[in-house]
Amino acid sequence: MSERVKIAVRGMKKSFGPKLVLDGIDLDVREGESLVVIGGSGTGKSVTVKCLMGLMEPDAGSVKIDGAETIGLGAGARFELMRKFGMLFQGAALFDSLPVWENVAFGLIQGRGMARRQAKAIALQKLGAVGLGPEVGELSPAELSGGMQKRVALARAIAAEPEIIIFDEPTTGLDPIMADVINELIVKITHELGVTAISITHDMASTRKIADHVAMIYKGRIIWSGAADTIDRSGNPYVEQFIHGRAEGPIQMEIRAL
Amino acid sequence: MLDFLARIGHIFILFLQAAGRLALFAIIAISHCVRPPFYPRLIGRQMIDMGYYSLPVVGLTAIFTGMVLALQAHTGFSVGAESAVATIVVLSVTRELGPVIAGLMVAGRIGAAIAAEIGTMRVTDQIDALSTLSTNPYKYLVVPRLIAGTITLPLLVFVADIIGVFGGFVVATYKLGYNPGGFLGQTWDTLKTDDVVSGLVKSAVFGFIVALMGCYYGYHSKGGAQGVGAATTYAVVSASIMILLFDYLLTALFFSS
Ligand SMILES: Nc1ncnc2c1ncn2[C@@H]1O[C@H](COP(=O)(O)OP(=O)(O)OP(=O)(O)O)[C@@H](O)[C@H]1O
Ligand SMILES: [Mg+2]
């Protein structure tokens, strides 16, 4: 991990109609660091990463990547910038018209212009790394279980070896053992390959394993961030409540009695 | 009164906005048609989907259209019927009914399929996933469909023209008892390149419209399965209306002199 800031987000805001989702997100991610974003369901974690990548346009704020402002980039420059990113979508978002191996190889074949045969070999190797055998490569995504789709999506996100990888809930829907395999894979990718990673998760075991840094989002703002090993001594009642999973505390779920 | 005018003005502005968005979408898509990378494999696959698999439905509608035309012409023009029937069948089919009916059938079959497929890709983040994999969704999804639509519909209409005239021929000779040779001769004499070509140009425009509306509504769909359903409906309805509108405009353009 270097001290160079890879991604700097300042004052990022986003509303959908009258509904304010992001209310001024500030976030720094250093090169080669693994940042984990935690926060309740529906607090805007997925929207944050989509705005940060430019898949959604934030209403206000600044996103600098490698020191260069990315808000307001033209279509061509934005397209070039996308090459730096890989993303595992929360809902997997596999292309259902293509077999599994072609999904994984997609970035290599279409983006890099690699020969199909060579790309297929790499795709099968990446599938192996997420615990899927070569026979899975010939199936169509609709034939896979939810957890398998997630792992294929993970293989696809890492296949083209981007500089920044975003994992939106990489271990949700996986059994605990496979979840740990995926955690180790993410650790390996960040520590060995020097990739900058942002992961979104609700899973504290996963957070402890993969995070160098943790940021907690609540009501559209980052209310706490710090090194992963300080999370148990944060002194922040919101964080305490979240990591211990208590219903009582400052975070009130909007629930009415039955 | 003022309130009423304000309402009309508001609706008019909304309409202009929608038209502007559609035009912008079309311009962006067309600009990507002429810049690499190109995806010939995808164009080929779309052409097979749109053309080959539409043959049965377009062929059936064409043959019945030709048959009905012959029957109507026979009952409607009792004087000098033999030549009139052939003339009416061949002119109506090549100039008008071939392109319009094939266009409408393809709008239902292909426009809906395009909107549903691209719409599902949108609401399941697959379109965003394309962008993160260094692939431009316009080039990968929209352009192949626009090109395939523009090329395929004229081919389809050409076949439909032949089948339609054949339908008329069958009814005229077997049911109405006309002389086959006379009917064919009259058909041949009436047939002019201009008529066929104008019909094919129309159908190229219709093919573009069908693909464009499917892509546009699919691309901008939101809100899960319901949103995709709505996108599909809008795509078919708007493509059908625009086909009829452009049919009038193109006819006025071609045959104004
Ligand atoms: N395309 C959209 N249109 C309208 N509202 C949206 C859209 N995307 C997200 N939202 C709203 O933004 C809020 C935050 O959504 P987001 O998906 O970022 O939540 P999240 O933190 O990722 O939750 P989870 O942990 O459940 O995935 C939600 O309340 C959601 O209703
Ligand atoms: Mg989410």
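Worth pointing out:
- Helical content of chain B, expressed as a calculated mean residue ellipticity at 222 nm, amounts to -26500 deg cm²/dmol (DSSP H runs of 4 or more residues, -39,500 (n - 2.57) each, divided by residue number, nearest 500).
- Label-to-label distance, B:F166 versus A:R233, with points set 7 angstrom from Cα along the beta-carbon direction: 8.6 nm.
- Rounded to the nearest 10 degrees, the inclination of helix B:180-190 to the longest alpha-carbon principal axis of chain B is 50 degrees.
- For A:A60, distant residues with modelled amide H under 5 Å away: A:K13
- Counted residue by residue at 0.36 nm each, then reduced by the alpha carbon distance between them, the extension gain from A:Q252 to A:K219 reaches 10.8 nm.
- Computed from backbone phi with θ = phi - 60° and the Karplus coefficients 6.51, -1.76 and 1.60, the 3J(HN,Hα) list for segment A:188-194 is 5, 4, 6, 7, 8, 9, x Hz; x is used for glycine and proline.
- With both residues required to sit in chain A, DSSP beta bridges show an antiparallel share near 55%.
- R0 of 30 Å, Cβ-Cβ distance B:L253-A:E57: FRET efficiency to nearest 0.05: 0.15
- Estimated inter-spin distance, B:V57 and B:K222, nm [label 7 Å along Cα→Cβ]: 3.0 nm
- Between amide H atoms placed 1.01 Å from N, distances below 5 Å from A:S34 occur with A:A197, A:D212, A:H213, all of them 5 or more places distant or on a separate chain.
- Among B:126-132, B:202-208, B:30-36, the order from most to least packed when residues are scored by Cβ within 10 Å on average: B:202-208, B:126-132, B:30-36
- Here the simple spin-label model places points 7 Å from the Cα toward Cβ, and for A:K19 and B:K175 these points are separated by 5.7 nm.
- For the protein assembly as shown, share of DSSP beta bridges that run antiparallel, in % to the nearest 5: 55 percent
- Size check on segment B:44-252: the Cα extents along the three principal axes, sorted descending, read 67, 30, 29 Å.
- Shown here: the protein assembly as shown, whose C-alpha atoms stretch 101, 68, 50 Å along the first, second and third principal axes, sorted largest to smallest.
- Overall form of segment A:1-84 per C-alpha gyration tensor (a/c, 1.5; a/b vs b/c): oblate
- Rg/Rg_ref, chain A, where Rg_ref = 2.2 N^0.38 Å and atoms are Cα: 1.02
- By the helix-only formula, in which each DSSP H run with n ≥ 4 contributes -39500 (n - 2.57) and the sum is divided by residues, chain A has a 222 nm mean residue ellipticity of -10000 deg cm²/dmol.
- Once each of the GluC sites (Glu not before Pro) sitting in a DSSP loop with at most 14 other beta-carbon atoms within 10 Å is removed, chain A keeps A:4-247 as its longest stretch.
- Cross-link partners of A:K64 among lysines, defined as those whose alpha carbon lies under 19 angstrom from its own and excluding same-chain residues fewer than eight positions apart: A:K6, A:K13, A:K14, A:K45, A:K50, A:K84.
- Angle of helix A:146-159 to the longest C-alpha principal axis of chain A, folded into 0 to 90 degrees and rounded to 10: 80°.
- Between the helical axis of B:40-50 and the longest alpha-carbon principal axis of chain B there is an angle of about 50 degrees.
- Inter-chain shielding of B:133-140 (mean C-beta neighbours from other protein chains, 10 Å cut-off): 6
- For residues of A:87-95, the mean tally of beta carbons on other chains within 10 Å: 5
Laboratory data are not the source of any read-out in this text; all were calculated from the coordinates shown. Here the structure is a predicted model, which means the values were calculated and not measured. Every residue, glycine among them, receives a Cβ derived from its backbone with ideal geometry; neighbour counts consider all protein chains shown.
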